[in-house]
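Written below as structure tokens is the structure these notes are about.
The values are calculated or read from the model by the stated rules, or taken from the named source; none is laboratory data. Computed from a predicted structure; not experimentally measured. Note that each Cβ is placed from the backbone with ideal geometry, even for glycine, and that neighbours are counted across all protein chains shown.
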Amino acid sequence: MNFWVFGKSKPNVEGYIGYYELTDWWLSTFTEAEREYIEQRFQPTGLPPAKWGVAPWYYEQLAIIYRKRKGYDSELRILGRFAEQKHGPGIKPAKLLARLEKAKQLRRAARRS
């Protein structure tokens, strides 16, 4: 266990380490050199998961289920909800937004029939 000097504040650690409240473990388990190596290699003090945006996989899976059942309104609702959220990096968010447009077309066609 690491004890902090009286009057000296504990360093603020961000990223995964700070997000999961592992600052004490991070500072007491590893030496300065080990922390530098780990930070360069794995970047655990980078952006915490909460700042990345929503995971598109869950929305995509629900949209697939709804489309198979021809539940276009439900598919639109879930994809619309995804569109309102902050998106993470990658190609999947763009694909889901394109799927939203396709779902709108399918709903219009289903209502005409």
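So the values come out like this:
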item	result
In the range 43-97, the residues that are loosely packed, with under 15 Cβ neighbours inside 10 Å, polar (S, T, N, Q) and not in a helix (DSSP H, G or I)	GLN43, GLN85
Where TRP26 falls short, out of the listed (1) part of a loop (DSSP other than H, G, I, E, B); (2) farther than 28 Å from ARG111 by Cα	(1)
Qualifying residue in the range 2-15 (condition: at pLDDT below 90, of a type in the set (A, V, I, L, M) and more than 28 Å from ARG108 (Cα to Cα))	yes
Among the candidates LEU27, LEU96, residue that is free of Cβ contacts under 8 Å to residues at least 40 places away in the same chain and of a type in the set (A, V, I, L, M)	LEU27
Set ALA98, ALA110: member being of a type in the set (Gly, Ala, Ser) and within 22 Å of the chain's Cα centre (by Cα)	ALA98
Residue within the range 31-42 that is assigned to a helix (DSSP H, G or I), within 30 Å of GLU75 (Cβ to Cβ) and modelled with pLDDT of 75 or more present	no
